[in-house]
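**Student:** Can you read through this structure? Questions will come right after.
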4 protein chains.
Amino acid sequence: MPATQDPIREQLVAARRNQILDAAAKVFAEKGFHRATTKEIAQVAGVSEGTIYNYFANKGDLVIGIITRLAKFDQLDSEFAQAFQSDARGLLTAIFRDRTGRIEQNMEMVRAVLPEILISPELRERFYQQFVLPIAEFIEKNVQARVEMGYLEAANVPLTVRAVQGMFVGLLILRVLGDKPLQAGWDDMPEVVMALIFDGLRPRDGE
Amino acid sequence: MPATQDPIREQLVAARRNQILDAAAKVFAEKGFHRATTKEIAQVAGVSEGTIYNYFANKGDLVIGIITRLAKFDQLDSEFAQAFQSDARGLLTAIFRDRTGRIEQNMEMVRAVLPEILISPELRERFYQQFVLPIAEFIEKNVQARVEMGYLEAANVPLTVRAVQGMFVGLLILRVLGDKPLQAGWDDMPEVVMALIFDGLRPRDGE
Amino acid sequence: MPATQDPIREQLVAARRNQILDAAAKVFAEKGFHRATTKEIAQVAGVSEGTIYNYFANKGDLVIGIITRLAKFDQLDSEFAQAFQSDARGLLTAIFRDRTGRIEQNMEMVRAVLPEILISPELRERFYQQFVLPIAEFIEKNVQARVEMGYLEAANVPLTVRAVQGMFVGLLILRVLGDKPLQAGWDDMPEVVMALIFDGLRPRDGE
Amino acid sequence: MPATQDPIREQLVAARRNQILDAAAKVFAEKGFHRATTKEIAQVAGVSEGTIYNYFANKGDLVIGIITRLAKFDQLDSEFAQAFQSDARGLLTAIFRDRTGRIEQNMEMVRAVLPEILISPELRERFYQQFVLPIAEFIEKNVQARVEMGYLEAANVPLTVRAVQGMFVGLLILRVLGDKPLQAGWDDMPEVVMALIFDGLRPRDGE
DNA sequence: AATGAATGAGTCTTCATTCAT
DNA sequence: CATGAATGAAGACTCATTCAT
């Protein structure tokens, strides 16, 4: 891992790192972590195998690099801040669309890397801290505020938020597993999900 | 893969297969599929490596064997039939407790084997058909009936059911990822989940 | 290898040995020695793997057994004795037809077992002593007699006989290698060969 | 299998390939194909096992490589072209000495590799096309020409040529099998063979 | 005498990693 | 910094042989 002060060199280094990570992500997505070979990653990246090891200590660090980089792009951005102002339903719909869209783009890669994440405590923690927890806390804060304002009702906000977040996660998993109804009706899911979350299944008498 | 008509021998074969699958499940759970070696599985099973191959064609078949065996224990049993009669909330709570309890017991193994499932189309299909789809359809039928009776309200039953099922799945994933609130409050989850599903977050005026 | 005095038992033993050798020959012929498994030989023979080892010390002994048994069937029989009386050309034609016919029947097996024969000095010697040398000597004696009678001309009878015998062997090899002209014209070979051997290529003036 | 345009690198690659093929030939010759281990080949070649697989896809390709390389050294060279001008007897003697000399040098290896050749259709075809057929056709053309000029007599030239070629092949086999007269009188074989081929065994009256 | 499940040494092959150029 | 040939440890899988039943 080259270290330098020269800003130009730094940029080159960063570019080369990204070039390698892009290739790694692609190959991991296709083959899964273990079946992906450094040779193929090098080929896809257009560099030699040796070069990879000039930028990453080992194959596992590529996964860390990918996740870390994903996180950088993945800040809860201003869009959300605005959504915060809007109604809860709009907020959640925004999050749902944003998250699932984003994750879908990286779905192949997440799927390929998930094994390593699930097995390695270090990666698990890192993944959780960077991707799961921030969203949970963001939603939590938001929902809590609305509950206090009487706009929403929830006995246990943190757990309720987990249930909602879990629903998003689970729906993605079910899609990956090839569930037909889900794949066919994916565009309708936001409405279905919001109806479920906000209105519940029990009929509302006077409405 | 011995095949025989002799019932005694059949039992021996089944016992040996289970002995090996137990070991495989254990080692997979610890190491993950790829890092688990046949040598270690053999050691844990107390047999030789060769013996494994007398019962399974290859390492991958151990995964299939594990999943298949899980499925056998995992029939939607009479408990559910009764639940069918009960109220919807009771039904779902029963399913939730049953499923998550069951899966938790095999959580380590699911975690270890999930990667292979996600990557291998064959395993994915098999897993989906045996574990996901039956439950989805069971719930779907049930919910549909109640909707028609006016006890529940849902615009799109199949998708709504997926959302519910996805919530279960996702909650397990979040737990595996080490979410603290979830681990701490797991016992309260059924109530939280049911409140969310049936009542929704939006306050009900007259109640 | 069971040893017994009981003649009935002896017959059973011999029968079982042959049963196994037949299977071994078949499988060796298909797969070659190394790729043939004792398991498959046992299956083809309709016995268990263990039984093979009650009759033969190891896999290699099956080859020895096959060769030895071939030799038993392969005595220069009375047919030849008669041929001895006939003219030289007729004799050789008879031998050619007989040998090549016989060998062709076992060609697959010879091909499969040849590797082992060529590599193992013991098998090589055995094969040579039982199959090659007797014929060479038989022809040698015969040709020698005719040379002395002035019917044939050959400066070095033993070597000449080897050349002739070599021709037979070589033609079989070329056939096995798939030579088209040879396969197409195989039925004409005896005449071609005899013309070559007896008349040579050089034109005979006065004829 | 490195591929490159750089001529220096190409030479290195060729050298390394030869180094490995030499070792493989040696070990195959000693042990036969199946009993030869990649480990021993690597040791003899002075490289690691892994390096072998940088140059050859698998063990079988070593055999192909050996055969192919033999074929390269084995072009029908100018020597033959000259022989073509000479008398038929001289031509054949030249071929005989050349071929048998050449093959003898590689005899051990041919012996080791022959099994694989006989069993593998691919290798068989390749071997036949590269070693057997060209010679057969070369001799055929030559003999045909002489027959037409009246210098030789043969009813069926292609088959007669096969008989002659077969004789060469067969004599080598008999030698490998350890035939004593052949080993003792090998130096006299060309004359014996030529006498047989050109004059035949039948006495020529007027000579 | 027959069985066939168990054995485990042995092999080919892969691939992350190193390092001389 | 880049290269990519060399490395060799590691692992899945095979199969001849044994032996308890």
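**Student:** Per residue of B:118-130, what is the mean number of Cβ atoms on other protein chains within 10 angstrom of that residue's Cβ?
**Tutor:** For peptide B:118-130, the averaged partner shielding equals 3.
**Student:** Starting from the Cα of residue A:68, step 7 Å along the direction of its Cβ; do the same at residue B:202; then give the gap between the two resulting points in nm.
**Tutor:** 4.6 nm
**Student:** Stokes-Einstein at 4 °C, 1.567 mPa s, Kirkwood radius from Cα pairs: D for segment B:110-207 in µm² s⁻¹? Spell out each step's value before the answer.
**Tutor:** On the way: Rh = 15.6 Å.
It diffuses with D of about 83 µm²/s by this estimate.
**Student:** Could you give the longest part of chain D that holds none of the trypsin sites (Lys or Arg not before Pro) found in DSSP loops with at most 15 neighbouring Cβ atoms within 10 Å?
**Tutor:** Here the longest run is D:36-203.
**Student:** Using θ = phi - 60° and the Karplus curve 6.51 cos²θ - 1.76 cosθ + 1.60, what whole-Hz ³J(HN,Hα) does each residue of segment A:172-185 get, with Gly and Pro shown as x?
**Tutor:** 5, 4, 4, 5, 4, 6, x, 4, 5, x, 5, 5, 5, x
**Student:** Tell me, how many Å apart are the Cα centres for segment C:123-179 and for segment D:151-174?
**Tutor:** 15 Å
**Student:** Starting from the Kirkwood Rh over alpha-carbon pairs, what translational D in µm² s⁻¹ does the protein assembly as shown have by Stokes-Einstein at 25 °C and 0.890 mPa s?
**Tutor:** Rounded, D is 72 µm²/s.
**Student:** What number do you get for segment C:163-207 when its Cα radius of gyration is normalised by 2.2 N^0.38 Å, N = residues?
**Tutor:** 1.32
**Student:** Hey, got the average number of other protein chain Cβ atoms within 10 angstrom for residues in D:134-141?
**Tutor:** Partner-chain Cβ atoms within 10 Å, mean over residues of D:134-141: 1.
**Student:** Let me ask something additional. Per DSSP H run of at least 4 residues, take -39500 (n - 2.57); add these up for chain B, divide by its residues and hand me the 222 nm value, nearest 500 deg cm²/dmol.
**Tutor:** -22000 deg cm²/dmol
**Student:** Just checking the output field for A:173-184: average partner chain Cβ neighbours within 10 Å of each residue's Cβ?
**Tutor:** Averaged over the peptide's residues, the number is 6.
**Student:** Please give the FRET efficiency for residue B:48 paired with residue D:124, using the beta carbon to beta carbon distance and R0 = 35 Å, rounded to the nearest 0.05. Could the numbers behind the result be given before it?
**Tutor:** On the way: r = 38 Å, r/R0 = 1.10.
My answer for the efficiency is 0.35.
**Student:** Here's another thing I want to ask about it. For chain B: lysine pairs with Cα atoms under 20 Å, gap of 8 or more or different chains, count?
**Tutor:** Final tally of qualifying lysine pairs is 6.
**Student:** Still on this structure, please answer the following. Between Rg and the Kirkwood Rh of chain B, both from Cα atoms, what is the Rg to Rh ratio? Display every interim value, and only then the final one.
**Tutor:** Details: Rg = 20.3 Å, Rh = 19.3 Å.
So for chain B, dividing Rg by the Kirkwood Rh gives 1.05.
**Student:** Based only on Cα atoms, what Rg/Rh ratio does segment D:1-56 have, Rh being taken as Kirkwood's radius?
**Tutor:** 1.03
**Student:** Rounded to the nearest Å, what's the spacing between the alpha carbon centres of segment B:3-72 and segment C:97-120? Just the number, please.
**Tutor:** Between the Cα centre of segment B:3-72 and that of segment C:97-120, the gap is 44 Å.
**Student:** Pairing the Cα long axis of helix C:88-105 with the longest principal axis of chain C, what angle in degrees results, from 0 to 90 and rounded to the nearest 10?
**Tutor:** Approximately 30 degrees, to the nearest 10.
**Student:** Using a Förster radius of 22 Å, what is the FRET efficiency between residue A:30 and residue A:104 based on their Cβ-Cβ separation? Nearest 0.05, please.
**Tutor:** 0.85
**Student:** Return a whole-number percent for the relative contact order of chain B, with Cα pairs under 8 Å and 6 or more residues apart as the contact set.
**Tutor:** Once normalised by length, the contact order is 19 percent.
**Student:** I need the inter-copy label distances for residue D:35: point set 7 Å along Cα to C-beta, values in nm with one decimal, smallest first.
**Tutor:** 2.0, 4.0, 4.3
**Student:** Follow-up. Note down the nm distance, to one decimal, between modelled labels 7 Å out along Cα→Cβ at residue C:8 and at residue B:9.
**Tutor:** 2.9 nm
**Student:** Another question about this same structure. Output ³J(HN,Hα) for segment D:13-20: one whole-Hz value per residue in order, computed from phi by the Karplus curve 6.51 cos²θ - 1.76 cosθ + 1.60 with θ = phi - 60°, and x for Gly and Pro.
**Tutor:** 4, 4, 4, 5, 4, 5, 4, 6
Bear in mind these aren't lab numbers, they're just calculated from the coordinates by the rules spelled out. As the structure is a prediction and not an experimental result, all values here were calculated from the model. Here Cβ is always computed from backbone atoms with ideal geometry, including for glycine, and neighbour counts include all displayed protein chains.
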